[in-house]
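Structure first, then comments.
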Amino acid sequence: MNCDKHPEREGVASCIICGRILCEECRLKLAGRNYCQSCADKLFQERYGETVETESNGMGLGVKILMALLVILAVLALVSYMIYTVYLAPYYGSAENVIRILMNDPERIIRFLSGNI
Ligand SMILES: [Zn+2]
Ligand SMILES: [Zn+2]
C-alpha cells in the first residue's frame, strides 16, 4: 500500500482514526500512535478549542466595549440634537446661529435651558 497523499511513496503506517495510509513524511507520531495531519488537527482543536474560544471571547469583549461607547456617543449626539430641535431651534433659528450664540455667550444658553432667561 502506498501513501494516500503521495501515490509514488510507500506507506509506512496508517492513521489510527481514519485508517489513511501514510508515508514517512505524512505520518505524525503522537504518544506512540500514528495520525494523519487532518486527524491530528481535529484532535488538537477538540482539546484546545475551548482555550481558543475563550481568547476570541476576550477579543469580543473589547469589541463590545467599543460598540457600547459608540452607542453612548450616538445617544449623546441624538440628545444634543433633540435639545437643539426642541428648545433652541424655535427661538434661535439655524444651527449656525445657535453655535454663534454658544460661542459668544455660552451662559445665555445655560440660563435659557434653566428657564431663567
Ligand atoms: Zn486520519
Ligand atoms: Zn505522504
| said: Can you tell me the orientation of helix 37-83 relative to the chain, as the angle in degrees between its alpha-carbon axis and the longest Cα principal axis, to the nearest 10? | reply: 10 degrees
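The chain: longest stretch without exposed GluC sites (Glu not before Pro) (DSSP loop, at most 15 other Cβ within 10 Å), sites themselves excluded?
Values: sites that count: E8, E24, E25.
By the stated rule (loop sites, at most 15 other Cβ atoms within 10 Å), 26-117.
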| field | Reachable lysines, given that their alpha-carbon falls under 22 Å from the alpha-carbon of K5 and they are not under 8 places away in the same chain | value | K29, K42
| message | Please compute the length gained on full extension between K42 and V63, using 0.36 nm multiplied by the number of residues separating them and subtracting their Cα-Cα distance. | response | 4.7 nm
| query | Stretched out fully, how many nm does the piece from E96 to E25 gain, at 0.36 nm a residue minus the Cα gap? | reply | 18.2 nm
| How big is the convex hull of the Cα atoms of the range 36-113, per residue, in Å³? | 143 Å³
| said: Please arrange R27, R33 by how many other C-beta atoms lie within 10 Å of their C-beta, fewest to most. | reply: R33, R27
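In debye to the nearest 20, how big a dipole does the chain give about its Cα centre with +1 on each Lys and Arg Cβ and -1 on each Asp and Glu Cβ?
Numbers: 12 positive and 13 negative charges, 36 e Å.
Around 180 debye, computed over the chain.
Please compute the length gained on full extension between E107 and L73, using 0.36 nm multiplied by the number of residues separating them and subtracting their Cα-Cα distance. Spell out each step's value before the answer.
Working: separation 34, 0.36 × 34 = 12.24 nm, distance 2.41 nm.
Between E107 and L73, full extension yields 9.8 nm more.
Only the coordinates and a few stated rules stand behind these numbers; no lab work does. Note that the coordinates shown come from a computational prediction; the quantities given were computed from them, not determined experimentally. Counting neighbours? That spans all protein chains shown, and the Cβs are built from the backbone with ideal geometry, glycine included.
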